[in-house]
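Heads up: the structure comes next, in structure tokens.
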Amino acid sequence: MKRLLLASLMGTTIALGTQAMASDADLKSLEQAARKEGAVNSVGMPDSWANWKDTWVDLNKLYGLKHVDTDMSSAQEIAKFAAEKDNATADIGDVGAAFGPIAVQQGVTQPYKPSTWAQIPDWAKDADGHWMLAYTGSIAFIVNKQLVKEAPKSWADLKQGKYKIAIGDVSAAAQAVNGVLAASIANGGNEKNIQPGLDFFAEIAKQGRLSLSNPTIQTLEKGEVEVGIVWDFNGLSYRDQIDPSRFEVLIPSDGSVISGYTTIINKYAKNPNAAKLTREYILSDAGQINLAKGNARPIRAEHLTLPAEVKAKLLPNEQYAKVQPIKDAKAWEETSKALPQLWQEHVIIEME
């Protein structure tokens, strides 16, 4: 009997997973199947990150889904899905954009296209629905207004300033690596040609303005960072947690890079319908607003009417006019692997 029920539920998930947009009837069936499962177990989606807390509360209140999360990195999530297989303890995870295709390549995901599928940009989703960004991150400046009298509005401004610039560890942090790419894009480079970014930071280093501080909430609070290069959602969170009047966060007007985070649904999930319903909710208006409350810019931002107090937490849409996604993922994978060595040879050497 249990096997027959499981086969029936899996049939529902497969049918929904291959449709471009779920109908009302499909959503009703999905909801009923998810309620029977009664739980959704996540990895890498803790309460404090991107305000996942409100989404878990809503899913429990609306559909009776109990929830447990284990926080871990994107790579660890994919490894967990692969290792556990028939004894899966996780149903859904949240990984950086670069890890979505990797998870598909490793065969650990199953597809589901939510009813808002058409409003997700093509660059931000897998054609078959295995992954799609729920919220984005764009490289931004966070400026300590107590230490910097005139905030830089662009990379060109940054180069002309007198203050120190903190980008963090280019050998280890995705934020720092994407910061170099953003500077490259603004100066005519791209995923294959990172040299303009290296030249930009080499010049900053020659001027004695490259800080070795990592732009974190601790260093910002202590006043150790004058201008930091960070993901916009990190900058906004740091600003709000420390003192909104002390910091300005902005997207450089001459170019930046946009990336983000995607849910992946475990191919071996014990609660596959609950996982699909979770994705459906995350990409609904209510779920997107929950993310915005956590300073994460929703992927459907241009299709949402955000409450005034939530909108005020985010940067205006106009600031994103010159951001661009990674257009050649394979080239960027190769470049980013080589970047730590290139950074040492072109930039760090200029600090000596």
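For the reader, a short list of remarks on this structure follows.
- Estimated FRET transfer efficiency when R0 is 35 angstrom, pair Glu345-Ile242 (beta carbons, to 0.05): 0.50
- Surface share of carbon and sulfur [accessible, 1.4 angstrom probe, percent] for the chain: 51
- Taking all Cα pairs closer than 8 Å and separated by 6 or more residues, the relative contact order of the chain comes to 26 percent.
- For a paramagnetic label modelled on Ala118 (point 7 Å from Cα along Cα→Cβ), amide N atoms under 13 Å away are absent within the stretch 136-175.
- Rounded to the nearest 500, the 222 nm mean residue ellipticity of the chain from helices alone is -12500 deg cm²/dmol, with -39,500 (n - 2.57) taken per DSSP H run of at least 4 residues.
- Between Ala172 and Gln105, the modelled labels are 2.4 nm apart [label points 7 Å from Cα along Cα→Cβ].
- Mean Cβ neighbour count within 10 Å, used as a protection proxy, ranking 198-208, 300-310, 123-133 highest first: 123-133, 198-208, 300-310
- Across the stretch 147-277, the mean sequence separation of Cα contacts (distance under 8 Å, 6 or more residues apart), normalised by length, yields a relative contact order of 31 percent.
- Full-extension gain in nm, Glu221 to Asp157, via 0.36 nm per residue minus C-alpha separation: 20.7 nm
- In the chain, the alpha-carbon atoms span a convex hull of 128 Å³ per residue.
- Other residues lying with their Cβ under 10 Å from the Cβ of Asp328 contribute a combined charge of 0, Lys and Arg counting +1, Asp and Glu -1.
- Applying 0.36 nm per residue to the separation of Lys330 and Gln195 and subtracting their alpha-carbon distance, the gain on full extension is 46.8 nm.
- Using the alpha carbons alone, the radius of gyration of the stretch 177-279 stands to its Kirkwood radius in an Rg to Rh ratio of 1.11.
- Extension gain, Asp128 to Lys85: 0.36 nm times the residue separation minus the Cα-Cα distance gives 13.3 nm.
- Shape class for the stretch 218-352, computed from the alpha carbon gyration tensor (a ≥ b ≥ c): oblate, with a/c not under 1.5 and a/b at or below b/c.
- Model label points for Ala39 and Lys149, set 7 angstrom from Cα along the Cα-to-Cβ axis, are 6.1 nm apart.
- Within straight-line cross-link reach of Lys293, lysines at Cα separation under 16 Å, skipping those fewer than 8 residues along the same chain: Lys53, Lys311, Lys313
The values are calculated or read from the model by the stated rules, or taken from the named source; none is laboratory data. These figures come from a predicted structure and were not determined experimentally. Counting neighbours? That spans all protein chains shown, and the Cβs are built from the backbone with ideal geometry, glycine included. Surface accessibility is based on the protein's heavy atoms, side chains included, excluding ligands, DNA and RNA. Shrake-Rupley method; radii C 1.70, N 1.55, O 1.52, S 1.80 Å.
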